[in-house]
Amino acid sequence: MFVSDYAATASSVYTQALSIISSVEPRISDAIGAELADQRASLKLIASENYASLATLLTMGNWLSDKYAEGTIGHRFYAGCRNVDTVESVAAEHARELFGAEYAYVQPHSGIDANLVAYWAILNKRIEAPALERLGAKNVNDLTEADWEELRRTFNEQRVMGMSLDAGGHLTHGFRHNISGKMFSQHSYGTDPETGLIDYDQLLADAREFKPLILVAGYSAYPRRVNFAKMRAIADEVGATLFVDMAHFAGLVAGKVFTGEENPVGYADVVASTTHKSLRGPRGGFLLSTAEYAPFIDKGCPMVLGGPLSHVMAAKAVAFAEARTADFQAYAQQVADNAQTLAEGLLRRGVRLVTGGTDNHLVLLDVESSFELTGRQAESALLDAGVVTNRNSIPRDPNGAWYTSGIRVGTPALTARGFGAAEFDRVAELIANVLANTTPVTASTGKPGKAKYTLADGVADRTKAASAEMLAANPLYPGLEL
Ligand code: PLP
(Lines give C-alpha, C1' and ligand atoms only; values in the text may rest on other atoms or scores of the structure.)
Protein backbone atom coordinates (compact mmCIF):
# COMPACT_ATOMS: atom_id res chain seq x y z
CA MET A 1 0.00 0.00 0.00
CA PHE A 2 2.93 2.35 0.48
CA VAL A 3 4.92 1.73 -2.69
CA SER A 4 4.78 5.16 -4.20
CA ASP A 5 6.47 7.31 -6.80
CA TYR A 6 7.01 10.02 -4.26
CA ALA A 7 8.86 8.03 -1.57
CA ALA A 8 12.28 9.24 -2.75
CA THR A 9 11.13 12.87 -2.79
CA ALA A 10 9.50 12.38 0.60
CA SER A 11 12.83 11.14 1.98
CA SER A 12 14.52 14.43 1.23
CA VAL A 13 11.44 16.42 2.35
CA TYR A 14 11.45 14.69 5.74
CA THR A 15 15.23 14.83 6.13
CA GLN A 16 15.18 18.57 5.58
CA ALA A 17 12.08 19.10 7.74
CA LEU A 18 13.68 17.18 10.62
CA SER A 19 16.88 19.16 10.34
CA ILE A 20 14.89 22.43 10.53
CA ILE A 21 13.00 21.15 13.59
CA SER A 22 16.26 19.97 15.11
CA SER A 23 17.76 23.44 14.83
CA VAL A 24 14.99 24.68 17.16
CA GLU A 25 14.37 21.72 19.49
CA PRO A 26 16.39 18.57 18.77
CA ARG A 27 14.52 16.50 21.36
CA ILE A 28 11.41 16.81 19.21
CA SER A 29 13.06 15.87 15.91
CA ASP A 30 14.68 12.95 17.75
CA ALA A 31 11.29 11.80 19.10
CA ILE A 32 9.73 12.00 15.62
CA GLY A 33 12.54 9.89 14.19
CA ALA A 34 12.41 7.42 17.09
CA GLU A 35 8.65 6.99 16.68
CA LEU A 36 9.11 5.95 13.04
CA ALA A 37 11.79 3.47 14.11
CA ASP A 38 9.52 2.05 16.86
CA GLN A 39 6.57 1.71 14.49
CA ARG A 40 8.76 0.05 11.89
CA ALA A 41 10.11 -2.45 14.41
CA SER A 42 6.97 -3.72 16.15
CA LEU A 43 3.94 -5.81 15.32
CA LYS A 44 1.29 -3.12 15.67
CA LEU A 45 -1.94 -4.92 16.46
CA ILE A 46 -3.87 -2.20 18.28
CA ALA A 47 -7.27 -2.35 16.59
CA SER A 48 -7.76 1.43 16.64
CA GLU A 49 -4.40 2.31 15.06
CA ASN A 50 -3.19 2.41 11.50
CA TYR A 51 -0.60 3.98 9.20
CA ALA A 52 -1.72 6.98 7.13
CA SER A 53 -0.21 7.49 3.69
CA LEU A 54 2.70 9.90 3.26
CA ALA A 55 0.42 12.17 1.20
CA THR A 56 -2.02 12.36 4.11
CA LEU A 57 0.75 12.98 6.64
CA LEU A 58 2.44 15.64 4.54
CA THR A 59 -0.83 17.52 4.07
CA MET A 60 -0.94 18.32 7.79
CA GLY A 61 2.37 20.12 8.14
CA ASN A 62 1.69 23.58 6.71
CA TRP A 63 0.29 27.08 7.16
CA LEU A 64 -3.37 26.06 6.87
CA SER A 65 -2.80 25.47 10.59
CA ASP A 66 -2.42 29.21 11.11
CA LYS A 67 -5.88 30.24 9.91
CA TYR A 68 -8.94 30.76 12.08
CA ALA A 69 -12.18 29.77 10.34
CA GLU A 70 -15.01 29.37 12.86
CA GLY A 71 -18.36 28.90 11.16
CA THR A 72 -19.28 26.91 8.08
CA ILE A 73 -18.29 26.94 4.42
CA GLY A 74 -19.00 30.44 3.02
CA HIS A 75 -20.32 31.61 6.39
CA ARG A 76 -17.36 32.30 8.68
CA PHE A 77 -16.86 34.49 11.70
CA TYR A 78 -13.41 35.45 10.34
CA ALA A 79 -12.28 37.21 7.19
CA GLY A 80 -10.03 35.67 4.55
CA CYS A 81 -11.27 32.07 4.66
CA ARG A 82 -11.52 31.33 0.93
CA ASN A 83 -8.84 28.64 0.98
CA VAL A 84 -10.27 26.99 4.08
CA ASP A 85 -13.65 27.03 2.31
CA THR A 86 -12.06 25.12 -0.57
CA VAL A 87 -10.42 22.63 1.80
CA GLU A 88 -13.58 21.99 3.81
CA SER A 89 -15.80 21.74 0.68
CA VAL A 90 -13.49 19.22 -0.98
CA ALA A 91 -13.24 17.11 2.21
CA ALA A 92 -17.03 17.16 2.73
CA GLU A 93 -17.67 16.33 -0.95
CA HIS A 94 -15.34 13.32 -0.79
CA ALA A 95 -16.97 12.16 2.46
CA ARG A 96 -20.49 12.42 0.98
CA GLU A 97 -19.46 10.57 -2.17
CA LEU A 98 -17.43 7.94 -0.34
CA PHE A 99 -20.24 7.01 2.04
CA GLY A 100 -23.27 7.96 -0.11
CA ALA A 101 -24.46 10.33 2.59
CA GLU A 102 -26.78 13.31 2.23
CA TYR A 103 -24.59 15.49 4.40
CA ALA A 104 -21.03 15.47 5.77
CA TYR A 105 -19.38 17.66 8.42
CA VAL A 106 -15.61 17.35 8.64
CA GLN A 107 -14.65 19.79 11.40
CA PRO A 108 -14.53 17.60 14.56
CA HIS A 109 -11.02 17.35 15.96
CA SER A 110 -11.46 13.79 17.21
CA GLY A 111 -13.99 10.98 17.66
CA ILE A 112 -15.09 12.24 21.07
CA ASP A 113 -15.71 15.68 19.58
CA ALA A 114 -17.70 14.18 16.72
CA ASN A 115 -19.89 12.31 19.21
CA LEU A 116 -20.45 15.48 21.24
CA VAL A 117 -21.52 17.32 18.09
CA ALA A 118 -23.91 14.45 17.34
CA TYR A 119 -25.47 14.51 20.81
CA TRP A 120 -25.98 18.27 20.83
CA ALA A 121 -27.29 18.32 17.26
CA ILE A 122 -29.87 15.70 18.26
CA LEU A 123 -30.76 17.56 21.48
CA ASN A 124 -31.12 20.81 19.57
CA LYS A 125 -33.33 19.24 16.90
CA ARG A 126 -35.46 17.11 19.18
CA ILE A 127 -35.68 19.30 22.31
CA GLU A 128 -34.60 22.88 21.65
CA ALA A 129 -36.16 23.52 18.23
CA PRO A 130 -39.71 22.37 19.23
CA ALA A 131 -39.44 24.38 22.49
CA LEU A 132 -38.46 27.53 20.59
CA GLU A 133 -41.36 27.01 18.20
CA ARG A 134 -43.82 26.48 21.05
CA LEU A 135 -42.60 29.64 22.77
CA GLY A 136 -42.53 31.69 19.57
CA ALA A 137 -38.78 32.41 19.94
CA LYS A 138 -36.32 32.66 17.06
CA ASN A 139 -33.35 31.49 19.09
CA VAL A 140 -32.33 30.94 22.72
CA ASN A 141 -31.48 34.62 23.22
CA ASP A 142 -35.20 35.41 22.85
CA LEU A 143 -36.19 33.18 25.77
CA THR A 144 -37.09 34.56 29.20
CA GLU A 145 -34.79 33.50 32.04
CA ALA A 146 -37.50 31.13 33.31
CA ASP A 147 -37.98 29.49 29.88
CA TRP A 148 -34.21 29.15 29.48
CA GLU A 149 -33.86 27.46 32.87
CA GLU A 150 -36.71 25.11 31.98
CA LEU A 151 -35.07 24.22 28.67
CA ARG A 152 -31.73 23.55 30.39
CA ARG A 153 -33.46 21.22 32.84
CA THR A 154 -35.19 19.44 29.97
CA PHE A 155 -31.83 18.80 28.25
CA ASN A 156 -30.63 17.14 31.42
CA GLU A 157 -33.61 14.80 31.66
CA GLN A 158 -32.91 13.04 28.36
CA ARG A 159 -32.03 9.36 28.02
CA VAL A 160 -29.46 7.58 25.91
CA MET A 161 -29.05 3.86 25.36
CA GLY A 162 -25.76 2.40 24.15
CA MET A 163 -23.74 -0.79 24.31
CA SER A 164 -22.21 -1.58 27.71
CA LEU A 165 -18.49 -1.02 28.11
CA ASP A 166 -17.72 -4.65 28.87
CA ALA A 167 -19.63 -5.78 25.77
CA GLY A 168 -17.46 -3.46 23.65
CA GLY A 169 -19.21 -0.06 23.81
CA HIS A 170 -17.31 3.22 24.16
CA LEU A 171 -17.11 5.66 27.08
CA THR A 172 -18.81 8.33 24.98
CA HIS A 173 -21.96 6.22 24.76
CA GLY A 174 -23.28 7.53 28.07
CA PHE A 175 -20.77 6.41 30.67
CA ARG A 176 -20.08 8.33 33.84
CA HIS A 177 -16.40 8.96 33.15
CA ASN A 178 -17.36 10.83 30.00
CA ILE A 179 -19.45 13.98 29.69
CA SER A 180 -22.15 11.95 27.87
CA GLY A 181 -22.84 10.14 31.17
CA LYS A 182 -23.21 13.43 33.00
CA MET A 183 -25.48 14.92 30.30
CA PHE A 184 -27.83 11.96 29.98
CA SER A 185 -29.49 9.20 31.97
CA GLN A 186 -27.93 6.08 30.52
CA HIS A 187 -29.07 2.50 30.11
CA SER A 188 -26.80 0.03 28.42
CA TYR A 189 -27.49 -3.07 26.39
CA GLY A 190 -25.14 -6.02 26.64
CA THR A 191 -24.71 -9.20 24.68
CA ASP A 192 -26.17 -12.68 24.98
CA PRO A 193 -24.28 -14.60 27.71
CA GLU A 194 -24.11 -17.74 25.56
CA THR A 195 -23.21 -16.41 22.13
CA GLY A 196 -21.67 -13.06 23.04
CA LEU A 197 -23.76 -11.49 20.26
CA ILE A 198 -26.18 -8.55 20.45
CA ASP A 199 -29.63 -9.89 21.30
CA TYR A 200 -31.91 -7.61 19.27
CA ASP A 201 -35.13 -8.93 20.88
CA GLN A 202 -33.79 -8.17 24.35
CA LEU A 203 -32.57 -4.80 23.13
CA LEU A 204 -36.07 -3.99 21.86
CA ALA A 205 -37.63 -5.06 25.16
CA ASP A 206 -35.16 -2.87 27.10
CA ALA A 207 -35.70 0.07 24.76
CA ARG A 208 -39.48 -0.19 25.19
CA GLU A 209 -39.02 0.10 28.92
CA PHE A 210 -36.28 2.75 29.01
CA LYS A 211 -37.61 4.85 26.08
CA PRO A 212 -34.34 6.52 25.06
CA LEU A 213 -34.27 9.76 23.10
CA ILE A 214 -31.12 8.43 21.43
CA LEU A 215 -30.24 4.84 20.57
CA VAL A 216 -26.48 4.49 20.04
CA ALA A 217 -25.05 1.69 17.93
CA GLY A 218 -21.34 1.15 17.41
CA TYR A 219 -18.45 -0.18 19.43
CA SER A 220 -14.75 -0.25 20.22
CA ALA A 221 -14.31 -3.93 21.02
CA TYR A 222 -17.23 -5.96 19.63
CA PRO A 223 -15.80 -8.40 17.08
CA ARG A 224 -18.95 -8.71 15.00
CA ARG A 225 -21.03 -6.76 12.48
CA VAL A 226 -24.15 -4.90 13.58
CA ASN A 227 -27.47 -5.11 11.75
CA PHE A 228 -28.47 -1.46 11.36
CA ALA A 229 -31.86 -2.27 9.83
CA LYS A 230 -32.76 -3.96 13.11
CA MET A 231 -31.35 -1.02 15.08
CA ARG A 232 -33.46 1.36 12.95
CA ALA A 233 -36.60 -0.67 13.58
CA ILE A 234 -35.98 -0.60 17.34
CA ALA A 235 -35.30 3.16 17.29
CA ASP A 236 -38.52 3.73 15.30
CA GLU A 237 -40.57 1.58 17.64
CA VAL A 238 -39.57 3.69 20.67
CA GLY A 239 -39.30 7.07 18.96
CA ALA A 240 -35.51 7.32 19.34
CA THR A 241 -33.01 8.97 17.05
CA LEU A 242 -30.59 6.36 15.75
CA PHE A 243 -27.00 7.50 16.19
CA VAL A 244 -24.22 5.24 14.93
CA ASP A 245 -20.62 5.68 16.08
CA MET A 246 -18.65 3.94 13.32
CA ALA A 247 -15.25 5.16 14.56
CA HIS A 248 -13.82 1.65 14.49
CA PHE A 249 -15.27 0.26 11.29
CA ALA A 250 -15.51 3.34 9.01
CA GLY A 251 -12.80 1.84 6.79
CA LEU A 252 -14.86 -1.30 6.27
CA VAL A 253 -17.89 0.81 5.31
CA ALA A 254 -15.78 3.00 3.01
CA GLY A 255 -14.18 -0.08 1.46
CA LYS A 256 -17.62 -1.67 0.79
CA VAL A 257 -17.00 -4.64 3.05
CA PHE A 258 -20.02 -3.65 5.15
CA THR A 259 -22.91 -3.17 2.76
CA GLY A 260 -26.72 -3.41 2.93
CA GLU A 261 -27.98 -3.77 6.48
CA GLU A 262 -24.40 -3.68 7.81
CA ASN A 263 -23.82 -0.18 6.42
CA PRO A 264 -25.17 2.42 8.88
CA VAL A 265 -25.56 5.14 6.26
CA GLY A 266 -29.17 5.11 5.11
CA TYR A 267 -30.40 3.65 8.41
CA ALA A 268 -28.98 6.07 10.98
CA ASP A 269 -30.12 9.66 11.37
CA VAL A 270 -26.61 10.65 12.40
CA VAL A 271 -23.31 8.79 11.97
CA ALA A 272 -20.10 9.91 13.67
CA SER A 273 -16.62 8.58 13.13
CA THR A 274 -12.93 9.02 13.56
CA THR A 275 -10.72 9.29 10.48
CA HIS A 276 -7.59 7.62 11.84
CA LYS A 277 -8.58 4.03 12.65
CA SER A 278 -9.58 1.57 9.90
CA LEU A 279 -10.09 4.54 7.54
CA ARG A 280 -6.32 5.32 7.54
CA GLY A 281 -6.68 9.10 7.59
CA PRO A 282 -5.22 11.77 9.87
CA ARG A 283 -6.26 11.92 13.55
CA GLY A 284 -9.71 13.50 13.54
CA GLY A 285 -13.45 13.06 13.39
CA PHE A 286 -16.37 13.69 11.05
CA LEU A 287 -20.13 13.23 10.85
CA LEU A 288 -22.60 12.10 8.21
CA SER A 289 -26.31 12.73 8.45
CA THR A 290 -29.62 13.02 6.71
CA ALA A 291 -30.48 16.44 5.25
CA GLU A 292 -32.93 16.86 8.14
CA TYR A 293 -30.14 16.86 10.74
CA ALA A 294 -27.63 18.88 8.66
CA PRO A 295 -28.49 22.38 9.94
CA PHE A 296 -28.12 21.19 13.54
CA ILE A 297 -24.81 19.44 12.92
CA ASP A 298 -23.52 22.56 11.15
CA LYS A 299 -23.66 24.33 14.50
CA GLY A 300 -20.93 22.02 15.88
CA CYS A 301 -18.66 25.07 15.92
CA PRO A 302 -19.17 27.03 18.15
CA MET A 303 -21.60 24.69 19.99
CA VAL A 304 -18.92 22.28 21.21
CA LEU A 305 -15.96 22.84 18.88
CA GLY A 306 -13.49 25.68 18.55
CA GLY A 307 -12.03 26.78 15.24
CA PRO A 308 -11.58 23.94 12.75
CA LEU A 309 -8.10 22.48 12.23
CA SER A 310 -7.85 23.42 8.57
CA HIS A 311 -4.61 21.51 7.99
CA VAL A 312 -6.26 18.35 9.32
CA MET A 313 -9.42 18.90 7.26
CA ALA A 314 -7.09 19.09 4.23
CA ALA A 315 -5.54 15.76 5.21
CA LYS A 316 -9.03 14.28 5.67
CA ALA A 317 -9.80 15.31 2.07
CA VAL A 318 -6.68 13.49 0.85
CA ALA A 319 -7.47 10.37 2.91
CA PHE A 320 -11.12 10.32 1.74
CA ALA A 321 -9.90 10.62 -1.87
CA GLU A 322 -7.59 7.64 -1.27
CA ALA A 323 -10.46 5.68 0.28
CA ARG A 324 -12.50 6.14 -2.92
CA THR A 325 -10.04 4.02 -4.92
CA ALA A 326 -10.21 0.34 -5.84
CA ASP A 327 -6.93 -0.11 -3.93
CA PHE A 328 -8.62 0.95 -0.72
CA GLN A 329 -11.49 -1.49 -1.30
CA ALA A 330 -8.98 -4.29 -1.73
CA TYR A 331 -7.24 -3.14 1.46
CA ALA A 332 -10.50 -3.12 3.46
CA GLN A 333 -11.42 -6.62 2.26
CA GLN A 334 -7.94 -7.82 3.22
CA VAL A 335 -8.37 -6.30 6.71
CA ALA A 336 -11.51 -8.43 7.22
CA ASP A 337 -9.95 -11.54 5.62
CA ASN A 338 -6.86 -11.19 7.80
CA ALA A 339 -9.00 -10.92 10.94
CA GLN A 340 -10.64 -14.24 9.94
CA THR A 341 -7.24 -15.86 9.46
CA LEU A 342 -6.03 -14.50 12.80
CA ALA A 343 -9.16 -15.73 14.61
CA GLU A 344 -8.96 -19.18 13.03
CA GLY A 345 -5.25 -19.39 13.86
CA LEU A 346 -5.89 -18.53 17.50
CA LEU A 347 -8.85 -20.92 17.81
CA ARG A 348 -6.81 -23.72 16.27
CA ARG A 349 -4.19 -23.13 18.96
CA GLY A 350 -6.77 -23.39 21.74
CA VAL A 351 -7.41 -19.72 22.49
CA ARG A 352 -10.97 -18.80 23.53
CA LEU A 353 -12.33 -15.84 21.59
CA VAL A 354 -15.27 -13.71 22.66
CA THR A 355 -18.19 -14.60 20.32
CA GLY A 356 -16.11 -17.52 19.01
CA GLY A 357 -14.54 -15.50 16.19
CA THR A 358 -14.86 -12.30 14.21
CA ASP A 359 -16.43 -10.85 11.11
CA ASN A 360 -14.90 -7.40 11.28
CA HIS A 361 -11.35 -6.10 11.84
CA LEU A 362 -10.77 -7.20 15.43
CA VAL A 363 -10.50 -10.25 17.62
CA LEU A 364 -11.05 -10.29 21.39
CA LEU A 365 -9.07 -12.99 23.22
CA ASP A 366 -10.31 -14.25 26.59
CA VAL A 367 -6.90 -14.71 28.23
CA GLU A 368 -8.35 -15.48 31.66
CA SER A 369 -10.11 -18.67 30.60
CA SER A 370 -7.49 -19.61 28.00
CA PHE A 371 -4.29 -18.95 29.99
CA GLU A 372 -5.36 -17.90 33.51
CA LEU A 373 -3.83 -14.48 32.85
CA THR A 374 -5.27 -11.03 33.32
CA GLY A 375 -5.41 -8.74 30.31
CA ARG A 376 -2.74 -6.63 32.01
CA GLN A 377 -0.31 -9.55 32.29
CA ALA A 378 -0.99 -10.69 28.73
CA GLU A 379 -0.59 -7.17 27.32
CA SER A 380 2.75 -6.68 29.11
CA ALA A 381 4.16 -10.10 28.16
CA LEU A 382 3.22 -9.54 24.52
CA LEU A 383 4.84 -6.10 24.59
CA ASP A 384 8.06 -7.65 25.96
CA ALA A 385 8.03 -9.81 22.85
CA GLY A 386 7.47 -6.81 20.50
CA VAL A 387 3.75 -7.52 19.95
CA VAL A 388 1.73 -4.34 20.61
CA THR A 389 -1.88 -4.99 21.64
CA ASN A 390 -4.14 -3.59 24.34
CA ARG A 391 -5.95 -5.15 27.25
CA ASN A 392 -9.72 -4.91 27.15
CA SER A 393 -12.70 -5.94 29.24
CA ILE A 394 -14.70 -8.93 28.11
CA PRO A 395 -18.43 -9.34 28.85
CA ARG A 396 -19.04 -9.86 32.60
CA ASP A 397 -15.29 -9.49 33.16
CA PRO A 398 -14.11 -11.22 36.38
CA ASN A 399 -11.00 -8.97 36.58
CA GLY A 400 -12.75 -5.61 36.24
CA ALA A 401 -12.06 -2.71 33.91
CA TRP A 402 -8.44 -2.04 34.98
CA TYR A 403 -6.80 -5.48 34.90
CA THR A 404 -9.40 -7.01 32.54
CA SER A 405 -9.51 -10.53 31.11
CA GLY A 406 -9.17 -9.72 27.44
CA ILE A 407 -6.70 -8.71 24.78
CA ARG A 408 -8.00 -6.83 21.75
CA VAL A 409 -6.13 -7.45 18.52
CA GLY A 410 -6.83 -5.71 15.21
CA THR A 411 -5.63 -6.16 11.64
CA PRO A 412 -5.85 -2.66 10.00
CA ALA A 413 -2.26 -1.52 10.60
CA LEU A 414 -0.34 -4.65 9.62
CA THR A 415 -2.63 -5.13 6.62
CA ALA A 416 -1.58 -1.63 5.52
CA ARG A 417 2.04 -2.87 5.60
CA GLY A 418 1.11 -5.75 3.30
CA PHE A 419 0.54 -8.63 5.74
CA GLY A 420 -1.70 -11.35 4.29
CA ALA A 421 -2.99 -14.76 5.37
CA ALA A 422 0.42 -16.42 5.83
CA GLU A 423 1.71 -13.61 8.03
CA PHE A 424 -1.45 -13.44 10.14
CA ASP A 425 -1.42 -17.16 10.77
CA ARG A 426 2.17 -16.74 11.97
CA VAL A 427 1.06 -13.79 14.15
CA ALA A 428 -1.58 -16.06 15.73
CA GLU A 429 1.10 -18.64 16.43
CA LEU A 430 3.42 -16.04 18.01
CA ILE A 431 0.66 -14.61 20.22
CA ALA A 432 -0.51 -18.04 21.39
CA ASN A 433 3.07 -19.07 22.10
CA VAL A 434 3.90 -15.96 24.16
CA LEU A 435 0.71 -16.34 26.21
CA ALA A 436 1.24 -20.07 26.76
CA ASN A 437 4.71 -19.25 28.11
CA THR A 438 3.55 -16.50 30.48
CA THR A 439 2.97 -17.39 34.13
CA PRO A 440 1.25 -15.14 36.66
CA VAL A 441 3.32 -14.33 39.74
CA THR A 442 1.52 -14.99 43.01
CA ALA A 443 0.98 -11.82 45.04
CA SER A 444 2.40 -11.42 48.58
CA THR A 445 -1.12 -12.13 49.88
CA GLY A 446 -0.86 -15.63 48.40
CA LYS A 447 -3.60 -14.84 45.87
CA PRO A 448 -2.93 -14.97 42.13
CA GLY A 449 -1.39 -11.62 41.15
CA LYS A 450 -3.09 -9.48 38.53
CA ALA A 451 -0.13 -7.48 37.22
CA LYS A 452 3.13 -9.42 37.65
CA TYR A 453 4.14 -12.35 35.45
CA THR A 454 7.17 -14.17 34.11
CA LEU A 455 7.80 -14.95 30.48
CA ALA A 456 9.80 -18.12 29.82
CA ASP A 457 13.45 -17.57 28.82
CA GLY A 458 14.11 -16.93 25.16
CA VAL A 459 10.46 -16.51 24.13
CA ALA A 460 10.64 -12.73 23.78
CA ASP A 461 13.81 -12.88 21.65
CA ARG A 462 12.54 -15.69 19.44
CA THR A 463 9.23 -13.86 18.91
CA LYS A 464 11.03 -10.63 18.03
CA ALA A 465 13.25 -12.45 15.55
CA ALA A 466 10.24 -14.07 13.85
CA SER A 467 8.45 -10.70 13.70
CA ALA A 468 11.52 -8.94 12.34
CA GLU A 469 11.55 -11.25 9.33
CA MET A 470 7.91 -10.49 8.48
CA LEU A 471 8.35 -6.77 9.15
CA ALA A 472 11.42 -6.60 6.91
CA ALA A 473 9.52 -8.31 4.11
CA ASN A 474 6.67 -5.79 4.49
CA PRO A 475 8.40 -2.46 5.16
CA LEU A 476 6.63 0.57 6.53
CA TYR A 477 6.89 3.44 4.03
CA PRO A 478 9.17 1.59 1.59
CA GLY A 479 11.57 3.93 -0.12
CA LEU A 480 11.39 6.43 2.71
CA GLU A 481 14.97 6.59 3.83
CA LEU A 482 15.04 7.92 7.35
N1 PLP B 1 -15.83 6.22 19.40
C2 PLP B 1 -15.31 4.99 19.41
C3 PLP B 1 -16.21 3.83 19.10
C4 PLP B 1 -13.96 4.79 19.70
O5 PLP B 1 -13.45 3.55 19.73
C6 PLP B 1 -13.16 5.92 19.99
C7 PLP B 1 -11.71 5.80 20.29
O8 PLP B 1 -11.17 4.94 20.83
C9 PLP B 1 -13.74 7.19 19.99
C10 PLP B 1 -15.07 7.30 19.67
C11 PLP B 1 -12.95 8.41 20.35
O12 PLP B 1 -12.06 8.80 19.36
P13 PLP B 1 -10.92 9.87 19.68
O14 PLP B 1 -9.87 9.19 20.45
O15 PLP B 1 -10.47 10.33 18.31
O16 PLP B 1 -11.56 11.00 20.43
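The values are calculated or read from the model by the stated rules, or taken from the named source; none is laboratory data. Everything numeric in this text was worked out from a predicted model, so none of it was measured. Cβ: placed from backbone, ideal geometry, glycine included. Neighbour counts: every protein chain shown. Calculation scope for accessible area: heavy atoms of the full protein, side chains included, ligands and nucleic acids excluded. Shrake-Rupley method; radii C 1.70, N 1.55, O 1.52, S 1.80 Å.
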Residue that is farthest from Ile122 (Cα to Cα), among those in the range 237-250 that are away from the ligand (no atom under 13 Å from the Cβ) and not in a loop (DSSP other than H, G, I, E, B): Glu237
Any pair with Cβ under 7 angstrom, 6 or more apart, that starts in the range 75-97 at a residue that is within 29 Å of Val265 (Cβ to Cβ) and ends at one that is among the small types (Gly, Ala, Ser) and loosely packed, with under 13 Cβ neighbours inside 10 Å: Asp85/Gly74
Search result, residues across the range 361-402 that are assigned to a helix (DSSP H, G or I), farther than 20 Å from Leu197 by Cα and open to solvent by less than 10 Å² (accessible area, probe 1.4 Å): Gly375, Gln377, Ala378, Ala381, Leu382
Residues that are surrounded by fewer than 20 Cβ atoms within 10 Å (Cβ to Cβ), among the small types (Gly, Ala, Ser) and in contact (Cβ under 8 Å) with a residue 12 or more places away in the chain, drawn from the range 403-433: Gly418, Gly420, Ala421
Verdict on Ser22 being closer than 29 Å to Arg426 by Cβ and surrounded by 14 or more Cβ atoms within 10 Å (Cβ to Cβ): no
Of residues in the range 107-143 being in contact with a Gly (Cβ under 8 Å, 6 or more places away or on another chain) and not in a helix (DSSP H, G or I), the one farthest from the ligand (Cβ to nearest atom): Gln107
Single condition Phe155 does not satisfy, out of (1) surrounded by 19 or more Cβ atoms within 10 Å (Cβ to Cβ); (2) part of a helix (DSSP H, G or I): (1)
Matching residues in the range 207-225 - criterion: being more than 8 Å from Gly169 (Cα to Cα) and either more than 12 Å from the ligand (Cβ to nearest atom) or touching a residue at least 60 places away in the same chain (Cβ under 8 Å) (or both): Ala207, Arg208, Glu209, Phe210, Lys211, Pro212, Leu213, Ile214, Leu215, Pro223, Arg224, Arg225
Test: Gln202 is out of contact with any Leu (no Cβ under 8 Å at 6 or more places or on another chain), in a helix (DSSP H, G or I) and not small (Gly, Ala, Ser): yes
Lone qualifier among Ala79, Ala101, Ala118, Ala95 - being touching a Lys or Arg at 6+ places or on another chain (Cβ under 8 Å) and either open to solvent by less than 80 Å² (accessible area, probe 1.4 Å) or farther than 20 Å from Val216 by Cα (or both): Ala95
Hits in the range 292-309 - residues which are open to solvent by less than 10 Å² (accessible area, probe 1.4 Å) and touching a Ser or Thr at 6+ places or on another chain (Cβ under 7 Å): Ile297
Criterion: aromatic (Phe, Trp, Tyr) and open to solvent by less than 70 Å² (accessible area, probe 1.4 Å) - qualifying residue of Tyr51, Tyr68: Tyr51
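For the structure I just gave you, tell me whether Trp148 is in the same structural domain as Gly260 (by TED's automatic domain parsing), touching a helix residue (DSSP H, G or I) at 6+ places or on another chain (Cβ under 7 Å) and within 16 Å of the ligand (Cβ to nearest atom).
No: the conditions fail for Trp148.
Among the residues of the range 269-289, are any more than 15 Å from the ligand (Cβ to nearest atom) and in a helix (DSSP H, G or I)?
Checked against the condition, which is being more than 15 Å from the ligand (Cβ to nearest atom) and in a helix (DSSP H, G or I), the range 269-289 yields no hits at all.
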The range 166-189, residues that are more than 10 Å from the ligand (Cβ to nearest atom), outside any helix (DSSP H, G or I) and under 23 Å from Asn399 (Cα atoms): Gly174, Phe175, Arg176, His177, His187, Ser188, Tyr189
Single residue of the range 434-449 satisfying the filter (in a strand (DSSP E or B) and under 21 Å from Arg352 (Cα atoms)) that is most open to solvent (accessible area, probe 1.4 Å): Pro448
Output for the range 450-472, where each listed residue is open to solvent by less than 80 Å² (accessible area, probe 1.4 Å) and without any contact (Cβ under 8 Å) to a residue 40 or more places away in the chain: Thr454, Ala456, Gly458, Ala465, Ala472
Test: residue in the range 19-33 that is of a type in the set (A, V, I, L, M, F, W, C) and touching a residue at least 24 places away in the same chain (Cβ under 8 Å): no
Which listed residue is of a type in the set (Gly, Ala, Ser) and at positive phi, from Gly190, Gly168, Gly162: Gly168
When residues of the range 255-280 are limited to those that are open to solvent by less than 10 Å² (accessible area, probe 1.4 Å) and within 12 Å of the chain's Cα centre (by Cα), the one nearest to Pro412 (Cα to Cα): Ser278
